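This report concerns only the one structure given below.
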Amino acid sequence: MATQQVRASDVVEVDRATVRLRLLAPLRYLRIRHGEKTRYDVTLPVICGLVAWVIYAAISPKPPLFGEAGLLRFARDLLIMAVPFMVGALAAVSMGAPGPHLDKRPVGADIVLDNEVLTLRQFLCYLLGYLCFLGMVILTAVVAAGLLRDTVIAWTAVFPTVRTLIWGAGSLALALLLSFLTVTVFWSLYFLTDIANRKSG
């Protein structure tokens with residue numbers, strides 16, 4: 001199945017009835033329907049994130065979130081390396097020469113978006129685009145947390161309970177975001193290593 005040709009007018013012209021925020025286009029991945037997707041998009045990441053957060057909240061002394069040896073520093077350094085690789089992988093899959101295998105529908109349950117069955121290449125593009133988007137959001141959140149730390153401490157100096165709530169909510173958000181990213185990375189590795197190399201027929 002050949003990929004659909006894209007014209008310059010497809011980028012410029014906008015159908016007002018179906019306008020989408022273009023910068024949020026990678027989130028269309030979440031609308032793809034497949035029998036196992038909900039498990040890896042929502043269920044497993046939420047469970048893993050909550051378990052990680054409960055363990056972190058329960059242990060003492062806790063690993064620091066900030067500073068040179070803090071968890072945010074390690075997350076930031078990892079994402080600074082990982083996001084460009086994910087963008088490169090997306091470019092390689094989306095702009096690669098059309099092939100007889102990637103441009104076919106995967107064997108098994110259909111992968112559907114907007115009532116259209118996707119080819120393997122289309123699905124991988126949505127998956128890698130979602131990963132890039134998620135990585136950039138987490139990187140932005142991690143950098144913002146580091147920059148705003150002193151401001152939050154100053155504003156909550158007389159409200160220790162508020163500071164504790166912010167710490168709890170922030171650490172939970174970090175655990176969930178990293179869990180979503182990690183599970184989706186393993187999900188993409190499965191498709192890139194197993195499904196993409198599986199011969200049909």
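Every read-out reported here was derived from the displayed coordinates using simple, explicitly stated rules and does not represent laboratory data. Just so we're clear, the structure is a prediction, and the values are computed from it rather than from any experiment. Note that each Cβ is placed from the backbone with ideal geometry, even for glycine, and that neighbours are counted across all protein chains shown.
Side notes on the structure shown:
- Take every Cα pair under 8 Å whose residues are at least 6 apart in sequence, average their separation, divide by the length of region 49-157, and the relative contact order is 27 percent.
- Pairwise centroid distance, computed over Cα atoms, of region 117-179 with region 20-72, Å: 9 Å
- Förster radius 30 Å - calculated FRET efficiency between Leu78 and Val117 (Cβ-Cβ, nearest 0.05): 0.30
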